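Written out below as structure tokens is the structure these notes cover.
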Amino acid sequence: MLFATEGLHGVSTRDIAKESGANLSLISYYFGGKEGLYKAVIQDFVLYVFGQIEKVVNEFEQEEVSAKTIRRAIIDLVDTLIDLRIANPHMAKILTREKISGMPFSRDIHESMMTNGGEKIASIIARGQKAGVVNKKINTRFFIVCLVESVMGYFNLLDCQCSWNEELYEMPACRQEFSQQISTLFLEGIFK
């Protein structure tokens, strides 16, 4: 939690040891220092995210490709992203801070995540294109980035607690309505 609230450079190994109740020297021994611990925290979370994404993709791959199965997979993905963000607000802050600063400590982890998780998600759209049920003009990677960043960006906006947010979906109270809105936006667009 210290990394989320203070940032990597705003916290010392002494702060981490005090907060966790661990011996200060164990941080260096097991992680090589504060930066190693920071990277390990990110990597553990990304592996967890991979597992959740893989569940959605594996379920989709068990079924025949159709508009209905692709729709369900995208809705399941949106629900998974929402649940991950609600359950892990501190990790979202860490990852957002990393992206804003150019990913100095997580570039290799991010590359792995996009290569593994992003491509798995993109395969849903690609299989739909091959089956003729998804528009072939859709860039699969672009779709995935926009979808993921829309969900995460929405939560980042809510975290700012701006007055404009009063008309938006509060989380987790309005989770289902938000899921339906974002899924409809990405699967149907704004036109009738």
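The values are calculated or read from the model by the stated rules, or taken from the named source; none is laboratory data. On a predicted model such as this, the values are computed, not experimentally measured, just so you know. Ideal geometry is used to build each Cβ from the backbone, glycine not excepted, and the neighbour counts take in all protein chains shown.
Can you tell me how many residues in the stretch 161-178 are of a type in the set (Ser, Thr, Tyr) and surrounded by 12 or more Cβ atoms within 10 Å (Cβ to Cβ)?
If we filter the stretch 161-178 for residues that are of a type in the set (Ser, Thr, Tyr), which is where we start, we get 163, 169.
Checking which are surrounded by 12 or more Cβ atoms within 10 Å (Cβ to Cβ) leaves us with 169.
The qualifying residues number 1.
Return yes or no: is residue 17 part of a helix (DSSP H, G or I), modelled with pLDDT under 90 and more than 18 Å from residue 106 (Cβ to Cβ)?
Numbers: part of a helix (DSSP H, G or I): yes; modelled with pLDDT under 90: yes; more than 18 Å from residue 106 (Cβ to Cβ): yes.
Yes; evaluated as a whole, the condition is true for this residue.
Checking the structure you have, find out if any residue of the stretch 101-109 is in a helix (DSSP H, G or I), in contact (Cβ under 8 Å) with a residue 24 or more places away in the chain and within 21 Å of residue 54 (Cα to Cα). Can you show your working first?
Residues of the stretch 101-109 in a helix (DSSP H, G or I): 107-109.
Then drop every residue that is not in contact (Cβ under 8 Å) with a residue 24 or more places away in the chain, which leaves 109.
Narrowing the set further to residues that are within 21 Å of residue 54 (Cα to Cα) leaves 109.
Looking for residues that are in a helix (DSSP H, G or I), in contact (Cβ under 8 Å) with a residue 24 or more places away in the chain and within 21 Å of residue 54 (Cα to Cα), one finds at least one in the stretch 101-109, hence yes.
Collect the residues in the stretch 124-158 that are buried (at least 16 other Cβ atoms within 10 Å of the Cβ), touching a residue at least 12 places away in the same chain (Cβ under 8 Å) and not hydrophobic (A, V, I, L, M, F, W, C), keeping them in residue-number order.
Passing the criteria: 127, 128, 140, 154.
Given the condition among the polar types (S, T, N, Q), under 12 Å from the mean Cα position of the chain (by Cα) and in a helix (DSSP H, G or I), answer yes or no: does some residue in the stretch 50-71 qualify?
Within the stretch 50-71, one or more residues are among the polar types (S, T, N, Q), under 12 Å from the mean Cα position of the chain (by Cα) and in a helix (DSSP H, G or I).
Hey, can you tell me all the residues within the stretch 35-69 that are surrounded by 14 or more Cβ atoms within 10 Å (Cβ to Cβ) and among the polar types (S, T, N, Q)?
Listed by number, the residues that qualify are 43, 52, 69.
May I ask you to verify whether residue 35 is assigned to a helix (DSSP H, G or I), under 18 Å from the mean Cα position of the chain (by Cα) and not β-branched (Val, Ile, Thr)?
Values: assigned to a helix (DSSP H, G or I): yes; under 18 Å from the mean Cα position of the chain (by Cα): no; not β-branched (Val, Ile, Thr): yes.
No, not satisfied.
If only one of 32, 102 is more than 22 Å from residue 133 (Cβ to Cβ), at pLDDT below 90 and surrounded by fewer than 18 Cβ atoms within 10 Å (Cβ to Cβ), which one is it? I'd like the intermediate steps shown before the answer.
Values: 32 fails: at pLDDT below 90.
Among 32, 102, only 102 is more than 22 Å from residue 133 (Cβ to Cβ), at pLDDT below 90 and surrounded by fewer than 18 Cβ atoms within 10 Å (Cβ to Cβ).
Quickly run through the stretch 166-180 and pick out the residues that are more than 21 Å from residue 148 (Cβ to Cβ) and part of a helix (DSSP H, G or I).
Answer for the stretch 166-180, where residues must be more than 21 Å from residue 148 (Cβ to Cβ) and part of a helix (DSSP H, G or I): 166, 167.
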